[in-house]
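One structure is given below, encoded as structure tokens.
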Amino acid sequence: MPFAVDTDEVTNYELGWKTQLFDNQLQLNGNAFFVEIERLQTTIFDPSITNLFFSDNAANAEILGVEGDVIFAPYSIEGLTLAGAFSVLDTEVKEVLTPTNDVIAGSELAFAPTFQGNVRARYEWSLSPDLRAHLQSQVVYSGSSYSDIIEINKAKVNAWTTVSASFGVAGEKWSMEIFGENLGNTYGELANNFVNDILFF
């Protein structure tokens with residue numbers, strides 16, 4: 001019988017909410033979810049099985065997470081808006097299906113930081129009846145993760161934080177803005193790979 005890779009199957013259970021609190025000053029939206037992944041497909045190189053890379057349904061895995069966003073516009077400080085979003089993940093390889101030591105039960109899934117989040121503060125005010133100004137700053141954070149579930153191909157994707165700020169003025173038919181992105185000159189790793197003992201960014 002010829003070798004075949006079966007289709008992986010993902011089952012998602014999710015509970016979401018949308019709220020407006022404190023006389024609509026605070027909006028909080030989010031969801032909690034549980035994901036079951038069966039027959040997760042990946043590429044493996046294990047000389048104890050074969051001397052070539054091969055694809056297989058390597059493992060069953062689970063994801064438990066919460067994500068959401070929040071907006072706060074207090075009546076007591078006109079023009080101020082605070083906003084943010086977050087994601088919290090707990091990922092795990094639950095069962096190894098391929099007879100290999102390159103996939104380990106209990107390890108994290110690839111590119112799944114435990115925590116990611118951002119927060120933004122914006123303040124707007126009137127300079128004159130026809131002019132309105134704003135000042136804004138934002139911080140974005142991503143936790144560390146790994147590039148693969150295969151131990152010999154696993155590269156660490158480092159955590160990073162970026163900060164940005166802007167100032168602007170708008171008239172009835174025009175606007176001007178001065179902004180700075182990544183003010184700390186932070187190198188944010190969005191991807192990584194480690195194959196054949198070579199690290200790729």
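The values are calculated or read from the model by the stated rules, or taken from the named source; none is laboratory data. Being a predicted model, the structure only gives us computed values, none of them experimental. Backbone-built Cβ (ideal geometry, glycine too); neighbour counts: all protein chains shown. Ligands, DNA and RNA are stripped out before the accessible areas are found, and what is left, the full protein with its side chains, is counted by its heavy atoms. Shrake-Rupley method; radii C 1.70, N 1.55, O 1.52, S 1.80 Å.
What do you reckon, is Thr11 β-branched (Val, Ile, Thr), open to solvent by less than 60 Å² (accessible area, probe 1.4 Å), touching a strand residue (DSSP E or B) at 6+ places or on another chain (Cβ under 6 Å) and part of a strand (DSSP E or B)?
Values: β-branched (Val, Ile, Thr): yes; open to solvent by less than 60 Å² (accessible area, probe 1.4 Å): yes; touching a strand residue (DSSP E or B) at 6+ places or on another chain (Cβ under 6 Å): yes; part of a strand (DSSP E or B): yes.
Yes.
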> Which residues, taken from region 77-109, are buried (at least 16 other Cβ atoms within 10 Å of the Cβ), over 22 Å from Val140 (Cα atoms) and small (Gly, Ala, Ser)?
Replying inline: Ser107
> Could you list, in sequence order, the residues of region 18-40 that are open to solvent by 70 Å² or more (accessible area, probe 1.4 Å), out of contact with any strand residue (DSSP E or B) (no Cβ under 6 Å at 6 or more places or on another chain) and not charged (D, E, K, R)?
Replying inline: Leu21, Phe22, Asn24
>> I'd like the residue in region 75-124 that is of a type in the set (Phe, Trp, Tyr) and not in a loop (DSSP other than H, G, I, E, B) and, out of all such residues, is farthest from Phe34 (Cα to Cα).
In response: Tyr123
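Does any residue of region 159-181 turn out to be free of Cβ contacts under 8 Å to residues at least 12 places away in the same chain and assigned to a loop (DSSP other than H, G, I, E, B)?
Of all residues in region 159-181, those free of Cβ contacts under 8 Å to residues at least 12 places away in the same chain come to 173-177.
Keeping just the survivors that are assigned to a loop (DSSP other than H, G, I, E, B) gives 173-174.
Yes, region 159-181 contains a residue that is free of Cβ contacts under 8 Å to residues at least 12 places away in the same chain and assigned to a loop (DSSP other than H, G, I, E, B).
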>> I need a count of the residues in region 131-151 that are within 14 Å of Phe179 (Cα to Cα) and crowded, with 17+ Cβ neighbours inside 10 Å.
In response: 3
